[in-house]
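Taking it in order: structure first as structure tokens, then the write-up.
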Amino acid sequence: MLDSELVKDFLFETNALCAHIIDKNGIVRFMNKTYLEVLGKKEEEVIGRHIGDITPETRSLSVIRTGKAVIGYYWPVNGYNMIASSVPLFQKGELKGCFSYSVFMDIWDAHNLIDNLMQQLNMYRDEVHSVHSSRYTFEDIIGQADNILEMKSLARKAALHPSITVLLMGESGTGKELFAHAIHSGSNRKKMPFIRVNCAAIPENLLEAELFGYEEGSFTGARKGGSTGKFELAHGGTIFLDEIGEMSPAMQSKLLVFLQEKEFERLGSHRPVRVNVRVIAATNRDLEEMIKQQKFREDLYYRLNVLCLKIPPLRERIEDLPLLVKHLMRAINKELKTKVNKMSAEAMDLLSKYHWPGNIRELQNVLQRAILLADLDSCCSITKEHLYFMKIESEKNTLAPTGTLKELLRDYEKQILAQVLKRTNYNKTRTADILDMDLSWLYKKIKQYGLAPDNSRRQKRKTVEPIT
Ligand SMILES: Nc1ncnc2c1ncn2[C@@H]1O[C@H](COP(=O)(O)OP(=O)(O)O)[C@@H](O)[C@H]1O
Ligand SMILES: [Mg+2]
């Protein structure tokens, strides 16, 4: 039979682990050499003393209180990092004391492992930051029109409150994403990630995993080791949920829960994860209309709509066109390495009369095409000829020619008048100006084609705009 003294000797002498035994009153009865060295004590200084006086954070006292083992806890002491376990000692069913032992994490090279992992983590963190940092600031939002200045000033306020949710509404291409970037970079979260999720581009069944992450094996096709969701990646920073109006009702509910609790669970896990992120959502849809049609949750709308910025379309701030053209041309020339840096008055005029359904994104595309064409002509100025494709594109929308020339011209005239009137909010003087026609002629045409706004509208306008 193996002598138990042998084990005791081994325990006392070994430097592979620290060990000590306390009795049921917490008094130290045994402590091995290695642990004595770690604590910097002599045997006579510890034996017979209460363990709470030697290591006040000890878990062994809870073991003698509860009779339950505590296995594998982190035990830092005197600069050493150890993994410890404390087990109760029973004799004939009666609790006699507690045996605790710990191994140095360095023994497993855990230190090096952790260092390596930390280095990798930092590398990925930097990478996340470089890929996911915001690229634009408020300086990049060009515009002096009142409506855009008002939105910029609201957005600046939003930046100062780094936890409030922001909802950006506006047609496509108006600069919603630009605003989201600017709000992030103007806030104290700017050094942390800015993560964009396009809710419309991710298939509905994958969006949850994309946003919240998942554990290994939680669904077929799940990656080994699981995956971190965008909310976790954005921790400390901002998440930009673009095209929120396209989110399915099921995901809307999950997002609502997150906004309320600031907590979520990865797919296939029941461990809640808490993150600190600012949510900025954007949509080009009319969410209030969607609520009426029961396609968007009203409660989610109110959660998102803490601060709502309505980004105006380009046609409602057409006075900014020259500024925008200048800014965009400079950027495009830089990118294409071209030197087309002027625009003829005629070309500018053409652009200012267009209604820009695609807003600034469309303007960018138009300028890009025109710059390329001008460059091919070795011309440093965009002229009307370089914008010929705009005419073609607007012609595409006109009716196929059926009827006599007179009828067609009449239809065309009516169509143009209706468009410009609508664009100017039925301001007749401006309409006549834009189309370079006589005001009295315009009145005649409005009557002839029945282009007056409907009565309710006229009533409303009368109250704000006294007739002079
Ligand atoms: N006020 C602005 N000043 C300068 N560039 C702008 C402005 N608004 C939008 N842009 C540019 O127009 C393009 C479309 O903007 P984006 O923010 O993607 O629009 P949205 O998200 O509303 O569709 C981007 O390249 C953006 O940089
Ligand atoms: Mg967008």
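Yes/no per residue for (1) more than 13 Å from ligand 1 (Cβ to nearest atom); (2) aromatic (Phe, Trp, Tyr); (3) open to solvent by 90 Å² or more (accessible area, probe 1.4 Å):
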residue: THR283; (1), (2), (3): no, no, no
residue: GLU288; (1), (2), (3): yes, no, yes
residue: ARG297; (1), (2), (3): yes, no, no
residue: TYR302; (1), (2), (3): yes, yes, yes
residue: LEU314; (1), (2), (3): no, no, no
In the range 178-225, which residue that is more than 18 Å from ILE280 (Cα to Cα) and either of a type in the set (Ser, Thr, Tyr) or within 14 Å of ligand 1 (Cβ to nearest atom) (or both) is least open to solvent (accessible area, probe 1.4 Å)?
TYR214
Somewhere in the range 365-375, is a residue of a type in the set (Gly, Ala, Ser), farther than 14 Å from LEU321 by Cβ, open to solvent by 50 Å² or more (accessible area, probe 1.4 Å) and in a helix (DSSP H, G or I)?
no
Where residues in the range 58-83 are under 23 Å from LYS41 (Cα atoms) and modelled with pLDDT of 90 or more, which of them is most open to solvent (accessible area, probe 1.4 Å)?
ARG59
Restricting to the range 138-170, and then to whatever is within 7 Å of ligand 1 (Cβ to nearest atom), out of contact with any Phe, Trp or Tyr (no Cβ under 9 Å at 6 or more places or on another chain) and open to solvent by 10 Å² or more (accessible area, probe 1.4 Å), can you tell me which residue is farthest from LEU259 (Cα to Cα)?
ILE142
Report yes if LYS326 is open to solvent by 70 Å² or more (accessible area, probe 1.4 Å), basic (Lys, Arg) and part of a loop (DSSP other than H, G, I, E, B), otherwise no.
no
Just one of (1) assigned by TED's automatic domain parsing to the domain that holds HIS355; (2) modelled with pLDDT under 80 trips up TYR388, so point out which.
(2)
Please work out which residue is farthest from ligand 2 (Cβ to nearest atom), limiting yourself to the range 351-361 and to residues that are crowded, with 17+ Cβ neighbours inside 10 Å and outside any loop (DSSP other than H, G, I, E, B).
LEU351
If I ask for residues that are buried (at least 17 other Cβ atoms within 10 Å of the Cβ) and not aromatic (Phe, Trp, Tyr), which ones from the range 90-102 would you list?
GLY97, CYS98, SER100, SER102
Can you report the number of residues in the range 166-195 which are within 16 Å of ligand 2 (Cβ to nearest atom) and either among the acidic types (Asp, Glu) or not in a loop (DSSP other than H, G, I, E, B) (or both)?
16
For the range 414-465, which fully contained helices (runs of 4 or more DSSP H) count at least 2 residues that are at pLDDT 85 or above, in contact with an Asp or Glu (Cβ under 9 Å, 6 or more places away or on another chain) and not hydrophobic (A, V, I, L, M, F, W, C)?
439-449
Could you please let me know if ARG369 is within 16 Å of ligand 2 (Cβ to nearest atom), outside the structural domain of MET151 (by TED's automatic domain parsing) and of a type in the set (Lys, Arg)?
no
Of the residues in the range 87-134, how many are at pLDDT 90 or above and either over 30 Å from ARG65 (Cβ atoms) or touching a Leu at 6+ places or on another chain (Cβ under 9 Å) (or both)?
9
Determine whether the range 148-164 contains at least one residue that is in a strand (DSSP E or B) and in contact with a strand residue (DSSP E or B) (Cβ under 8 Å, 6 or more places away or on another chain).
no
Pull out all pairs, ordered by first then second residue, where Cβ-Cβ is under 6 Å, the residues are six or more apart or on different chains, the first lies in the range 8-26 and is more than 22 Å from TYR80 (Cα to Cα), and the second is open to solvent by less than 50 Å² (accessible area, probe 1.4 Å) and aliphatic (A, V, I, L, M).
LYS24/ILE64; LYS24/LEU95; GLY26/ILE51; GLY26/LEU61
Within the range 243-261, track down each residue that is open to solvent by 40 Å² or more (accessible area, probe 1.4 Å) and touching a strand residue (DSSP E or B) at 6+ places or on another chain (Cβ under 9 Å).
GLU243, GLU246, LYS254, VAL257, GLU261
Residue list for the range 331-348, restricted to those being in a helix (DSSP H, G or I) and either of a type in the set (A, V, I, L, M) or under 18 Å from GLU362 (Cβ atoms) (or both)
ALA331, ILE332, GLU335, LEU336, ALA345, ALA347, MET348
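The values are calculated or read from the model by the stated rules, or taken from the named source; none is laboratory data. Because the structure is a prediction, the values reported are computed rather than measured. So basically every Cβ, Gly included, is an ideal-geometry build from the backbone, and we count neighbours across all protein chains shown. We work out accessible area using only protein heavy atoms, side chains counted, and drop any ligands, DNA or RNA first. Shrake-Rupley method; radii C 1.70, N 1.55, O 1.52, S 1.80 Å.
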